Every structure is written in C-alpha cells, then in structure tokens.
1. Name the single residue, out of those in segment 302-338 being among the aliphatic types (A, V, I, L, M), within 14 Å of Ile279 (Cα to Cα) and out of contact with any Phe, Trp or Tyr (no Cβ under 6 Å at 6 or more places or on another chain), that is surrounded by the fewest Cβ atoms within 10 Å (Cβ to Cβ).
2. Being assigned to a helix (DSSP H, G or I) and within 24 Å of the chain's Cα centre (by Cα) is true for just one of Phe118, Phe123. Which residue is that?
3. For Ala43, which of the numbered conditions (1) open to solvent by 40 Å² or more (accessible area, probe 1.4 Å); (2) within 21 Å of Ile160 (Cβ to Cβ) fails to hold?
4. Just to verify a result, which residue in segment 370-406, among those that are under 30 Å from Gly346 (Cα atoms) and open to solvent by 30 Å² or more (accessible area, probe 1.4 Å), is modelled with the lowest pLDDT?
5. Kindly list the number of the only condition in (1) modelled with pLDDT of 85 or more; (2) in contact with a helix residue (DSSP H, G or I) (Cβ under 9 Å, 6 or more places away or on another chain); (3) of a type outside the set (A, V, I, L, M) that fails for Gly412.
6. Out of the residues in segment 79-98 that are touching a residue at least 12 places away in the same chain (Cβ under 8 Å) and not hydrophobic (A, V, I, L, M, F, W, C), state the one that is surrounded by the most Cβ atoms within 10 Å (Cβ to Cβ).
Amino acid sequence: MSHEKKDSALQKMQLILLSAAIMIVLAQLNINLIINGFKISLAVICLPLFAFLFEHFPVFPVTLITAPGILLVRCIVEWLHSGEIAEAFWSYSPEMFFHLMYGGLFAIYVQFFPIRHFRLEQFLPILGIDVISNLTEIFVRLGTDALTTAVLLRLVIVGIGRTVLAVVLLASFDAYGLSILRKDDRIRYRKLLLLTSQLKSEVIWMNKNTSRIEETMAVSYSLFNELNAKEGMGEIAQKALTVAKDIHEVKKEYYLIMNGISDALNTDQEESGMWMKNIFGIMQESVRHVFGDYGQNMRLDVVLEKNFYTDKHYYLMSVLRNLINNAAEAAGNRHARVVLSGKEDGEDYVIGVHDDCGGIDEEYLPTIFMPGFSTKINYETGQVSRGLGLSLVKDIVESELGGSISVTSEDGCTDFTIRIPKENLEVEA
C-alpha cells in the first residue's frame with residue numbers, strides 16, 4: 001500500500017473513532033422516557049451534521065462502534081453507581097438496535113441523497129428514520145405491546161423534537177459555513193475561487209485564439225509558396241517559411257500550456273456547484289482583499305431576491321469579477337458604490353451591476369464589448385490594457401451561459417444587465 005493510501009486510511013480511521021467518541025459522550029446526556037431504560041439523547045443528530053461537514057462520511061462504520069460503545073459506557077456508569085452490571089446490560093442492550101437501525105437507514109439515505117447543502121425536504125426522511133429506529137427499540141423491549149397510539153404519539157413527538165434540532169443546526173451550518181472557517185482561511189478560499197474563475201475564463205479565450213494561430217500559420221505558409229514561385233524572392237520566401245515554422249512551434253507550446261491549465265482546473269470534479277447567495281457573498285466580502293487599493297474606497301451592496309443552486313458558479317464569478325474590477329478601476333481614489341442584484345424575470349434570471357464610478361462616454365458604448373477595446377492607458381509608460389475583459393464577459397455570458405448582456409450609462413452611473421435563462425443556471429443541490 002502506498003504512503004498516500006496509508007495516510008488516507010489512517011485519517012479515515014481517526015475520523016471514525018473521533019466521531020464515535022463524540023456520539024458516545026453525547027449519549028450520556030439523556031432523559032428516561034416511556035419505560036425504564038429507554039434513553040432519549042441527542043447523540044444521533046451528530047450523523048446528519050457529520051454527513052454535512054465531511055464528504056463521504058462513513059456513517060455505518062461509525063454506527064458499528066457507537067452502538068456497542070454507548071452500551072459499554074452505560075454499563076460501566078451503572079456498575080460504578082450501584083455495583084450491578086448484568087441488570088444494566090439487559091436494560092440498555094435494546095438501545096443498540098435503535099442506533100444500528102438509525103445508522104443503517106441513514107447510511108442508505110445519504111448514499112442516494114448526499115447532504116451537501118441544507119434543504120427543507122430533508123426533514124421528513126430524517127424524522128422517519130428517527131421514528132422507525134425508536135419504534136424498533138421499543139418493539140425489542142415490549143414486543144407487540146409497543147404498538148399503541150400513546151407510544152407511537154410519544155415517539156413521533158420525540159422524533160420531531162430531535163429532527164427539528166438537527167435541521168436547525170444543518171441550516172445554520174449551511175448559512176454560515178464560510179464564517180466558521182478562520183479569517184485567513186476564508187480569505188484564501190475566496191481568492192482561490194476567484195482565481196479559478198479567472199483561469200477558466202482565460203482558457204475560454206485561449207480556445208478561441210487557437211483558430212487564429214492556425215489561420216496565421218496557414219497564411220505564412222501560403223505566402224512562402226507565393227514568394228518561392230517568383231524569381232529573385234527566394235530569400236524573402238525562406239523568411240516567410242521560418243515565420244510559419246516558428247508559429248507552428250508557438251502553437252505546440254500554446255496547446256501544451258492550455259491543456260495543462262485545463263487539466264489542472266478539471267482535476268477535482270467533486271464540487272458540483274454553489275448557492276447564489278454564497279457567490280454574491282464572496283464577491284461582497286472580497287472587494288478589499290481582491291481589488292487592492294481600489295477596493296478600499298468602494299462599497300459593494302448585494303440585493304438578492306431569489307437564492308438557488310447553480311453549477312455555473314465559476315463562469316458567474318468570472319463575469320462579476322470583471323465588471324466589479326472595471327468599476328473599481330474607474331472609481332480610482334474616489335469613494336464609490338456598486339450594487340450587485342439578482343432577480344427573476346419570467347423565464348430569465350437577471351443579474352445587475354450598477355455603479356456610480358463616473359460612467360462611460362456615450363461614444364464608447366457601442367464598442368466596449370469588442371476585442372481590443374480599452375480606455376486604460378498608462379501615459380507615463382505608454383502601456384495599453386489588452387482590452388479583453390468585457391469581450392470575455394460577453395463571450396462567457398453568450399457562449400457558456402446562453403444569455404445576453406447590455407449596458408447603459410448616464411449621469412456618472414453605469415448599469416450592466418445580464419439576462420440568463422433560468423434553465424441554464426438552476427440545478428438540484
């Protein structure tokens with residue numbers, strides 16, 4: 001076995017043992033209900049929480065350790081308290097059936113419906129698992145005498161209470177998942193997401209340019225043939241051939257770089273998407289950390305009317321990052337405000353980026369999405385921006401998202417409006 005596999009197996013075992021230990025300890029905080037020995041604890045709500053926090057969480061292996069572990073600890077406590085252990089064993093052993101049933105059913109559930117994000121419809125399955133597991137324990141203890149209306153009602157009430165707590169914690173973790181990370185980790189995470197989105201947009205542009213490289217190489221080779229056919233043009237023809245060969249070498253290196261970036265971006269396919277509120281939140285929180293000095297004077301407000309899950313998060317972040325960056329650069333050292341909004345409009349989802357950063361001259365509006373357009377000139381060095389930002393934005397919106405983008409500007413304010421069909425954005429979480 002390789003070192004990586006050994007490390008992975010060790011980490012998994014550590015996770016199993018630590019999770020089981022936490023559940024065993026929590027099981028000692030309980031109340032006795034319905035009959036003697038029937039303990040109600042909060043231990044099992046750890047399973048939905050662990051399944052949310054850890055991808056591919058080993059639910060049933062943890063259960064196989066937790067069930068006998070809880071019984072063992074209960075017997076030890078009872079022995080220390082009264083000196084009896086045999087009676088404690090027979091009193092508490094049916095509880096193992098509860099934990100085994102809960103763990104088994106929950107393991108099957110998360111196999112088909114992984115808990116990556118909180119959804120309200122998760123309430124009923126978790127409640128059902130809780131009630132069935134409690135009923136199993138009661139049946140082991142009382143047999144058919146357990147099937148009474150009063151007992152069933154109590155089990156349902158217990159299940160509702162425990163499931164409500166689990167669901168509230170799941171919702172809290174989902175809503176504030178990024179905030180429970182350390183501040184430095186949050187900043188790194190945001191920068192990584194934005195960097196990945198930027199790289200993906202660059203790969204799109206590189207793909208578009210491959211045809212231009214091929215065309216340029218073909219033109220150079222064609223020029224060589226024409227010059228070579230003319231008398232006295234042999235030396236110039238050889239230069240044209242050299243250009244064609246050089247372009248061919250550049251093309252090979254270009255493809256290697258492009259494929260390398262693409263492979264690196266596609267290495268991890270586990271992250272299937274993000275919620276829109278998290279995308280907007282990352283953009284809002286990243287202003288000062290990502291946009292440098294410009295961001296110090298810029299305020300970004302967010303208005304989100306509908307939250308949904310999308311697998312187009314990298315494309316959306318790339319588009320929004322470009323638009324917000326343009327606004328920040330236009331504002332310069334002035335205090336400015338940008339409003340990022342999202343709402344439904346019929347079958348479309350409309351994203352708006354409004355800023356009061358000085359506006360765009362009317363003469364530029366028809367050409368700002370054209371490749372090479374730029375008003376960013378360093379008059380000291382003569383360097384001109386390559387002018388690919390808005391062209392890339394338009395290409396991503398139209399080609400990758402199947403939408404459209406438009407711009408208006410007046411009175412020092414600019415509004416970019418992006419319309420994307422909802423069916424192109426929304427996916428199941």
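The values are calculated or read from the model by the stated rules, or taken from the named source; none is laboratory data. Note that the structure is a prediction, hence the values are computed from the model and not measured. Because the Cβ atoms are built from the backbone with ideal geometry, glycine has one as well, and the counts that use them run over all protein chains shown. Ligands, DNA and RNA are stripped out before the accessible areas are found, and what is left, the full protein with its side chains, is counted by its heavy atoms. Shrake-Rupley method; radii C 1.70, N 1.55, O 1.52, S 1.80 Å.
1. Among residues in segment 302-338 that are among the aliphatic types (A, V, I, L, M), within 14 Å of Ile279 (Cα to Cα) and out of contact with any Phe, Trp or Tyr (no Cβ under 6 Å at 6 or more places or on another chain), the one surrounded by the fewest Cβ atoms within 10 Å (Cβ to Cβ) is Val303.
2. So the residue among Phe118, Phe123 that is assigned to a helix (DSSP H, G or I) and within 24 Å of the chain's Cα centre (by Cα) is Phe123.
3. (1)
4. This residue is Met370.
5. (2)
6. Glu95
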